[in-house]
């Protein structure tokens with residue numbers, strides 16, 4: 001994960017507002033990740049409807065406390081179904097959480113107040129209750145595929161009330 005820092009912003013004149021996904025540098029692209037790790041949760045797809053169901057079971061490489069990959073540079077080699085996000089696929093992947101920075105920017109929407117590029121603080125994603133921290137019950141190597149249905153949860157597809165606004169709520 002890229003190191004994130006910088007001043008809080010009103011989002012005017014920032015690269016994600018002025019550049020297309022294709023125009024972003026590698027560092028800018030990586031910084032769109034808010035560090036929530038919701039995309040690192042195991043998901044099931046209903047074959048008949050295409051509906052995606054999130055579980056509270058994580059990828060084997062996820063450090064659920066840090067909400068970061070344990071081996072980000074080599075993740076695709078170690079996890080065969082790890083999807084590398086690109087400008088092309090973020091526009092079509094139906095399982096990206098609605099709060100995902102990549103998805104928001106691809107849809108021409110603003111980032112939320114808790115996104116590290118806006119807040120200047122990588123911890124706001126956790127403070128807002130958006131990250132998976134404290135919510136993962138197991139990793140994929142601890143749960144049989146046949147039992148994943150027993151681990152379906154709704155929260156990864158939802159946005160916590162305190163995270164919904166464009167401005168940080170007053171404490």
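The values are calculated or read from the model by the stated rules, or taken from the named source; none is laboratory data. Keep in mind that this is a model prediction, so the values were computed, not measured. No Cβ is skipped: glycine too gets one built from the backbone with ideal geometry, and neighbour counts run over all protein chains shown.
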Original post:
Considering segment 129-171 alone, what residues qualify as being over 23 Å from residue 63 (Cα atoms) and under 18 Å from the mean Cα position of the chain (by Cα)?
Top reply: 161, 162, 164, 165, 166
Original post:
If you go through segment 110-118 one residue at a time, do you hit one that is surrounded by fewer than 20 Cβ atoms within 10 Å (Cβ to Cβ), modelled with pLDDT of 95 or more and closer than 23 Å to residue 70 by Cβ?
Top reply: no
Subject >> Failed item, numbered, when residue 82 is tested on (1) closer than 22 Å to residue 164 by Cβ; (2) in a loop (DSSP other than H, G, I, E, B); (3) in contact with a helix residue (DSSP H, G or I) (Cβ under 7 Å, 6 or more places away or on another chain); (4) without any contact (Cβ under 8 Å) to a residue 24 or more places away in the chain >> reply: (1)
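May I ask you to list the residues in segment 94-108 that are part of a loop (DSSP other than H, G, I, E, B), touching a helix residue (DSSP H, G or I) at 6+ places or on another chain (Cβ under 8 Å) and over 18 Å from residue 69 (Cα atoms)?
Taking segment 94-108 and keeping what is part of a loop (DSSP other than H, G, I, E, B), we get 94-100, 107-108.
Imposing the further condition that a residue be touching a helix residue (DSSP H, G or I) at 6+ places or on another chain (Cβ under 8 Å) reduces the set to 95-100.
If the condition is that a residue be part of a loop (DSSP other than H, G, I, E, B), touching a helix residue (DSSP H, G or I) at 6+ places or on another chain (Cβ under 8 Å) and over 18 Å from residue 69 (Cα atoms), then 95, 98, 99 are the ones that fit.
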Original post:
List, please: which pairs have Cβ atoms under 8 Å, are six or more places apart or on different chains, and start with a residue in segment 150-171 that is within 22 Å of residue 118 (Cα to Cα) and end with one that is part of a helix (DSSP H, G or I)?
Top reply: 156/38; 168/119; 168/124; 169/162
Original post:
On the given criteria, is residue 4 exposed (fewer than 13 other Cβ atoms within 10 Å of the Cβ) and either modelled with pLDDT of 95 or more or in a loop (DSSP other than H, G, I, E, B) (or both)?
Top reply: no
